[in-house]
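Remarks on the structure that follows.
The values are calculated or read from the model by the stated rules, or taken from the named source; none is laboratory data. Model, not experiment: these values are computed from the prediction. Cβ atoms come from the backbone with ideal geometry, glycine included; neighbour counts cover every protein chain shown.
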Amino acid sequence: MNKEDVNKQKKQAVALQYNEENVAPRVIAKGKGYVAENILNAAKKNSVPIYQNKTLTSMLMAVDIDREIPPELYTAVAEILAYVYRMDQKTKKFPRIGL
């Protein structure tokens, strides 16, 4: 196994989805190594913002796919949602909500 393969094996990625119908964001995809690379590539291809936080990713890896995140992660994930909102506002990709 070469150095690039070792680095890919260490990489982790988790995809979250949130809408008003859910109480909390849900884990819709997660993986390590090549699966993580595919998740990240799909996000980039579809202009989905990527937020990097190894500690939070490790915690989210423990959540089953299609399950809502646990309450103890609400604050950390709220920071991600705020980041995504700010990125959307910068790119004017979505109309401004609220005021």
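Identify, please: which residue in region 21-61 is farther than 14 Å from Ile80 by Cβ, of a type in the set (Lys, Arg) and outside any helix (DSSP H, G or I) and is, among those, farthest from the chain's Cα centre (by Cα)?
Applying the filter and picking the extreme gives Lys32.
Please go through (1) touching a Lys or Arg at 6+ places or on another chain (Cβ under 9 Å); (2) part of a helix (DSSP H, G or I); (3) modelled with pLDDT of 95 or more for Glu72 and return the number of the only condition it doesn't satisfy.
All conditions pass for Glu72, except number (1).
Residue by residue through region 75-92, note down the ones that are among the hydroxyl-bearing types (Ser, Thr, Tyr) and exposed (fewer than 12 other Cβ atoms within 10 Å of the Cβ).
Thr75, Thr91
Looking only at residues that are part of a loop (DSSP other than H, G, I, E, B) and loosely packed, with under 11 Cβ neighbours inside 10 Å in region 1-12, which one is modelled with the lowest pLDDT?
Met1
Can you give me the number of residues within region 13-30 that are of a type outside the set (A, V, I, L, M, F, W, C), surrounded by fewer than 18 Cβ atoms within 10 Å (Cβ to Cβ) and closer than 11 Å to Arg67 by Cβ?
Residues meeting the conditions: 1.
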